[in-house]
Amino acid sequence: MEQTNNINAIRNTATGVSITLDVYVFVEDGVFIAYSPALDLCGYGNTEDEAKSSFDISVREYLSYGFSRKTLVKDLRAHGWKVKSIKQRRMSAPSFDMLVNNNDTFKDILENKEYRKLSEPMPFPAFV
């Protein structure tokens, strides 16, 4: 298993929110899946681009719902994130080792799937 630095983070910016997540793209039963173990979210499609687009929508909906219902901090903490307040500048995800040890889906991907890891910042407009 490859251990990597933890770059998963949510940053508040002047214009909104920037999220950097490790996203693992793999094929299962002929469907492309884009999965983030840090948020336990996925997107899917007939192509990698469709899966990434679907994943972006999942993240956008997750954030929008969490901000509007004021549940984002609680949910991030439940996923092991270090976050004190929605207004803090940077929120950090659990370590790679913690994700592997506590997430059977992620462990299965690493051990049994051919995958490609993507790590790109995704900017979102302000939700609050």
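Worth pointing out:
- Residues that are under 28 Å from G16 (Cα atoms), assigned to a loop (DSSP other than H, G, I, E, B) and among the polar types (S, T, N, Q) within the stretch 84-123 comprise S85, Q88, S95, listed in sequence order.
- Filter pass, V31 being surrounded by fewer than 15 Cβ atoms within 10 Å (Cβ to Cβ), in contact with a strand residue (DSSP E or B) (Cβ under 7 Å, 6 or more places away or on another chain) and not charged (D, E, K, R): yes
- The set of residues from the stretch 78-109 being hydrophobic (A, V, I, L, M, F, W, C) and either farther than 29 Å from E28 by Cβ or buried (at least 17 other Cβ atoms within 10 Å of the Cβ) (or both) comprises W81, V83, I86, M91, A93, F96, L99, V100, F106, I109.
- When the test is whether a residue is in contact (Cβ under 8 Å) with a residue 40 or more places away in the chain, under 16 Å from T13 (Cα atoms), hydrophobic (A, V, I, L, M, F, W, C) and not in a helix (DSSP H, G or I), F67 does not pass it.
- Out of D75, D56, D29, one residue alone is in contact (Cβ under 8 Å) with a residue 60 or more places away in the chain and acidic (D, E). It is D56.
- Only residues that are surrounded by fewer than 18 Cβ atoms within 10 Å (Cβ to Cβ) and touching a residue at least 60 places away in the same chain (Cβ under 8 Å) were counted across the stretch 37-47, and they come to 1.
- Set side by side, the residues A51, A14, A9 differ, and just one is surrounded by 15 or more Cβ atoms within 10 Å (Cβ to Cβ), within 26 Å of I86 (Cα to Cα) and of a type in the set (A, V, I, L, M), which is A9.
- The number of residues in the stretch 17-44 that are within 17 Å of the chain's Cα centre (by Cα) and either of a type in the set (G, A, S) or on the phi > 0 side of the Ramachandran plot (or both) comes to 6.
- Residue check for I86: out of contact with any Asp or Glu (no Cβ under 9 Å at 6 or more places or on another chain) and at pLDDT below 95: yes
- Single unsatisfied condition, K117 versus (1) touching a residue at least 40 places away in the same chain (Cβ under 8 Å); (2) buried (at least 17 other Cβ atoms within 10 Å of the Cβ); (3) within 14 Å of the chain's Cα centre (by Cα): (2)
The values are calculated or read from the model by the stated rules, or taken from the named source; none is laboratory data. As the structure is a computational prediction, the values presented were derived from the model and not from experiment. Methodologically, a virtual Cβ is constructed for each residue, glycine included, from the backbone with ideal geometry; neighbour enumeration extends over all protein chains shown.
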